[in-house]
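First up is the structure itself, then whatever we jot down about it.
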Amino acid sequence: MKYERSSHLFKQAQESIPGGVNSPVRAFKSVGGHPIFLKSAKGAYLHDEDGNTYIDYINSWGPQILGHALPEVIDAIKTTAERGTSFGTPTELETSIAELILGMVPGIEQIRMVNSGTEACMSAIRLARGYTGADKIIKFTGCYHGHSDAFLIEAGSGAITFGSPTSPGVTKNTAKDTLVADFNNLQSVELLFEQYAGQIASVIIEPVAGNMGCIPPEDGFLQGLREICSAHNSLLIFDEVMTGFRLSKGGAASLFNVTPDITCFGKIIGGGLPVGAFAAKKEIMQYLAPVGAVYQAGTLSGNPLAMSAGYTLLNALNETPDVYSKLNARGTSMAHELREVFTRKSISHQINQIGSMLSVHFCHDSVRDFESAKKGDNKVFKQFFHHMLKSGIYLPPSAYESWFLCSEINTEEQLKTIEAANSFVPLT
Ligand code: HOZ
């Protein structure tokens, strides 16, 4: 494959954009080489500036669950754009998408739209603090809730990829209110509640971690968090930015039958446009301005283009028969075949998969938290990543990011992917 134009565009971009990218993981720094500049995408396929085509396992990091450039979504964006792109006033579309989401996800009664998952999570903890009157929050090592200050402490995703899970620029005063527990470890949470009794506003978690690879919760973990939070009058926040509308219509909360107090959304909810949201029971949401005193606002919040893209994608998901069972079957079969390939080749591996989320860590022991995720051999991951890329398979350029499958990955795409993995030979 040739990458001349991507290479040229990357050099040019580095002059005007820090690192040449608008989000760090895209820079390929942890896998080496330079990023591929994309021109277009359709269904399961990406097309780059050099004319190369790839099967896509990033899916814009989650939103394109029914494939790229879904005709209904594109038409909705075009039609809406013709009427104007932003008004800064309420529109009927905002109520329509709110009603649609409240009907899909159990346990929520009101929702506020924002522009990204980062904004959703940072607003959710402000709301939790306003509601409970407590200052501290608990997050989990290796979980990532966007790049706002309170969360860039032992964070996952790009933060671990580049080896700085706690970012310079986050003040000590902010950091002291973020307590950190271990994923899949209820005792670590109980200890913090003992130590900081009455001071913890909320526990925020990705119910399936997706930013240290994909790590599902062990049996009873989410239920245990629910019980601890209820016992201490602390709010349980599920960051379903990745898992919402991906693992099921009602996200991870429905799948694991655990109802959080606040749910954060992003990705799929915007149909590929920048949208986030947070939702809860009315009693909690009524603390938000303009009804309550907890302030939160945004000029582009509820933007008509973004609302119409999200509304159309969510309706398309509702109308696609068996979409989640098909995605689940595809993910399960992909994970199974990858395991068979690596086992045959005697390559130590751990493949975690749930529904259409999957990750590959090259290590021997199971990956159930941040410590075990860090044991993956990044040298092998780099080689695997570049081997797959050359074979036309586009994986996330970091072992700490989850793969996202879309419904357009069919038998043909799976065969090509497994064939590519099959020809991988790690250099020793
Ligand atoms: N950290 C993001 C995914 N977990 C990456 C988003 C991007 O680079 O677009």
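The values are calculated or read from the model by the stated rules, or taken from the named source; none is laboratory data. Everything numeric in this text was worked out from a predicted model, so none of it was measured. Every residue, glycine as well, gets a Cβ built from its backbone with ideal geometry; the counts of neighbours run over all protein chains shown. Ligands, DNA and RNA are excluded from the accessible area calculation, which covers all protein heavy atoms including side chains. Shrake-Rupley method; radii C 1.70, N 1.55, O 1.52, S 1.80 Å.
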(Q) Can you find, among N303, V380, T259, the residue sitting farthest towards the positive end of the charge dipole of the stretch 235-389, where Lys and Arg contribute +1 and Asp and Glu -1 at Cβ? (A) V380
Q: Using a 1.4 Å probe over the heavy atoms of the protein chains, calculate the carbon and sulfur portion of the accessible area of the chain as a whole percent.
A: 51 percent
**Q.** Partners for K416 among lysines (Cα-Cα distance below 24 Å; same-chain residues under 8 apart left out)
**A.** K2, K39, K42, K326, K345, K379, K382, K390
Q: Report ³J(HN,Hα) in whole Hz for each residue of the stretch 293-304, in order, from the Karplus equation J = 6.51 cos²θ - 1.76 cosθ + 1.60 where θ = phi - 60°; Gly and Pro get x.
A: 9, 7, 7, 6, 7, x, 4, 9, 5, x, 3, x
Q: Using a/c under 1.5 as the rounded threshold, could you call the stretch 356-395 rounded, prolate or oblate? The axes a ≥ b ≥ c are square roots of the C-alpha gyration tensor eigenvalues, and prolate needs a/b larger than b/c, oblate otherwise.
A: oblate
Q: Quote the charge dipole size of the stretch 304-428 about the Cα centre in Debye, to the nearest 20; the model charges only the Cβ of Lys and Arg (+1) and of Asp and Glu (-1).
A: 440 debye
Q.
Using a 7 Å offset from the Cα along the Cα-to-Cβ direction at both S366 and S167, what is the distance between the two label points in nm, to one decimal?
A. 3.4 nm
Q.
With every protein chain kept in place and ligands, DNA and RNA left out, what is the accessible area per residue of the stretch 104-235? Probe 1.4 Å, answer in Å².
A. 37 Å²
Q: Classify the stretch 129-237 as rounded, prolate or oblate, taking a ≥ b ≥ c as the square roots of the eigenvalues of its Cα gyration tensor: rounded when a/c is under 1.5, otherwise prolate if a/b is larger than b/c and oblate if not.
A: oblate
Q) To the nearest µm²/s, what D does Stokes-Einstein give for the chain at 10 °C and 1.306 mPa s, using the Kirkwood radius over alpha carbon pairs as Rh? A) 72 µm²/s
(Q) Check which residues have an amide H placed less than 5 Å from K39's amide H, if you skip close sequence neighbours. (A) H47, D48, E49
Q | Within the chain, longest stretch free of exposed chymotrypsin sites (Phe, Trp or Tyr not before Pro) [DSSP loop, at most 13 other beta carbons within 10 Å] | A | 88-294
Q) With each pseudo-label sitting 7 Å past Cα toward Cβ, what's the S16-E412 distance in nm, one decimal? A) 3.8 nm
Q. Residues of the stretch 185-199 with amide nitrogen under 14 Å from the 7 Å Cα-to-Cβ point of D135?
A. 196-199
Q: Return the distance in nm (one decimal) between the two label points of a simple spin-label model at E227 and T89, each offset 7 Å from Cα along Cα→Cβ.
A: 5.3 nm
Q) Excluding ligands, DNA and RNA, what is the solvent-accessible area per residue of the stretch 285-376 at a probe of 1.4 Å, expressed in Å²? A) 45 Å²
Q: Provide the gained length on full extension for the span N257 to L102, in nm with one decimal, where the gain is 0.36 nm per separating residue minus the Cα-Cα distance.
A: 54.1 nm
Q. Taking trypsin sites (Lys or Arg not before Pro) as exposed when DSSP calls them loop (any state but H, G, I, E, B) and at most 13 other Cβ atoms lie within 10 Å, what is the longest stretch of the chain free of them, the sites themselves excluded?
A. 177-344
Q.
For the stretch 194-259 and the stretch 380-417, what is the centre-to-centre distance using only Cα atoms, to the nearest Å?
A. 28 Å
Q | Reach of K282 by Cα under 27 Å, taken over lysines that are not fewer than 8 positions away in the same chain | A | K136, K139, K249, K267
